[in-house]
Structure formats: C-alpha cells, structure tokens
Amino acid sequence: MKSAADTVVTFHYALSDADGHPIESSQGREPLTVLLGRGGLVPGVEQALIGHEVGDKFEVVVTPEQGYGERREGWIERVPKKLFRDPDRLRPGMQTVLQERGGGARVVTVHKIGSSVIDVDLNHPMAGRTLHFALELTGVRAATPEELEHGHAHGPEGHHHH
Ligand code: ZN
C-alpha cells in the first residue's frame, strides 16, 4: 500500500540544517504517526511522505515557505511573567511554551526579561531556516472513519481514545 492523503503513516525522521548539522531526530524513540493531508506536518514534509511504501528511505529539503515560514523581524510580544510556568528559570535565548488564550500552546523564544514581564519572540524557532529531513516510512494503513472525522491519527493501531 502506498502512502497518500487520508492514509495514516508512521515514520522516523532526522532533521538537520542546510549545512548538515543535526537538529533533532526520532532515533531511539517511537516513530511519529500522522494522518496525511490534514496539515499535521509542515507542507514540505507532508508532500514528501506521499507516494511511498513501508521501508522506503528518502530525503527532502524544505524551504521556509514549505516549512515553518519566513522569520518576521521584531515580532516581539510583552507577556506578564505569571503566564509562564517557570519564569525564574528562563534566560534570554531560551525556548519555552506559552499557553494561548484560545487554549493552544506555542513555542516562543525569550528575548528580554523584566521585573514583571518577559518579552518573547513569537517566530517559530525553525522559521526562516531551510531544513533537511531524512525520512523512513515504517508503516502505512488506511485511516479509520473516526480518524477521518477527527482529522488526526489515533496512534499506530488506530485505537487511541480521547
Ligand atoms: Zn481523535
């Protein structure tokens, strides 16, 4: 079976920058499981995962446009310290997760620390970077009706309940 939109794929990945320096990988961890075609991954990686069979290994170079977007200079927001989980631990340049009003969460980079506020850079840490992904497809199956309805995968076997 070939991977396509509305199939659930399981894959390992190794991410490096344009110069080949490793950034992160799924080595030694569970592979990722994703319902393709629902925007669960950056567009360049979703595209690259389509049309493969289990065991395929392939690589893709993802431009910012097909990845985490261009970096916006000066995209800084001032946030009260109390909205951070562990503000005393934070230092400029560190990444942290900020809970959003809508209930989501986003990764931000600490820019400047004041006495009661922290200025954070809202750019995704990978924004503006050309990324190199080495991918290995370890599973592909049809999505269950429930997964298609929810718009996301429910784990390698499709049995996850939430
Ligand atoms: Zn669900």
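Which is part of a loop (DSSP other than H, G, I, E, B) and within 16 Å of the ligand (Cβ to nearest atom), of PRO156, PRO92?
Result: PRO156 is the single residue among PRO156, PRO92 that is part of a loop (DSSP other than H, G, I, E, B) and within 16 Å of the ligand (Cβ to nearest atom).
Sort out for me the strands (runs of 3 or more DSSP E) sitting completely within the stretch 1-61 that have 3 or more residues that are under 24 Å from GLY128 (Cα atoms) and not aliphatic (A, V, I, L, M).
Values: elements: 7-17, 22-25, 32-35.
Where strands (runs of 3 or more DSSP E) fall fully within the stretch 1-61 and carry at least 3 residues being under 24 Å from GLY128 (Cα atoms) and not aliphatic (A, V, I, L, M), they are 7-17, 22-25.
Any idea how many residues of the stretch 5-48 are open to solvent by 50 Å² or more (accessible area, probe 1.4 Å) and either polar (S, T, N, Q) or touching a helix residue (DSSP H, G or I) at 6+ places or on another chain (Cβ under 7 Å) (or both)?
4
Given (1) of a type outside the set (Val, Ile, Thr); (2) assigned to a loop (DSSP other than H, G, I, E, B); (3) modelled with pLDDT of 95 or more, identify the lone condition not met by GLY69.
Of the numbered conditions (1) of a type outside the set (Val, Ile, Thr); (2) assigned to a loop (DSSP other than H, G, I, E, B); (3) modelled with pLDDT of 95 or more, the odd one out for GLY69 is (3).
If a residue must be within 15 Å of the chain's Cα centre (by Cα) and buried (at least 16 other Cβ atoms within 10 Å of the Cβ), how many such residues does the stretch 49-72 contain?
Residues in the stretch 49-72 being within 15 Å of the chain's Cα centre (by Cα) and buried (at least 16 other Cβ atoms within 10 Å of the Cβ): 6 in total.
Out of the stretch 143-158, which residues are touching a strand residue (DSSP E or B) at 6+ places or on another chain (Cβ under 6 Å) and either open to solvent by 50 Å² or more (accessible area, probe 1.4 Å) or more than 14 Å from THR33 (Cβ to Cβ) (or both)?
Hits for the stretch 143-158 are HIS152, PRO156.
Which numbered condition in (1) on the phi < 0 side of the Ramachandran plot; (2) surrounded by fewer than 16 Cβ atoms within 10 Å (Cβ to Cβ) is the only one that GLY103 fails?
Every condition holds for GLY103 apart from (1).
The values are calculated or read from the model by the stated rules, or taken from the named source; none is laboratory data. The structure presented is a predicted model; accordingly, all values stated were derived computationally and were not measured. Every residue, glycine among them, receives a Cβ derived from its backbone with ideal geometry; neighbour counts consider all protein chains shown. Just the protein is used for accessible areas: all its heavy atoms, side chains included, with ligands, DNA and RNA removed. Shrake-Rupley method; radii C 1.70, N 1.55, O 1.52, S 1.80 Å.
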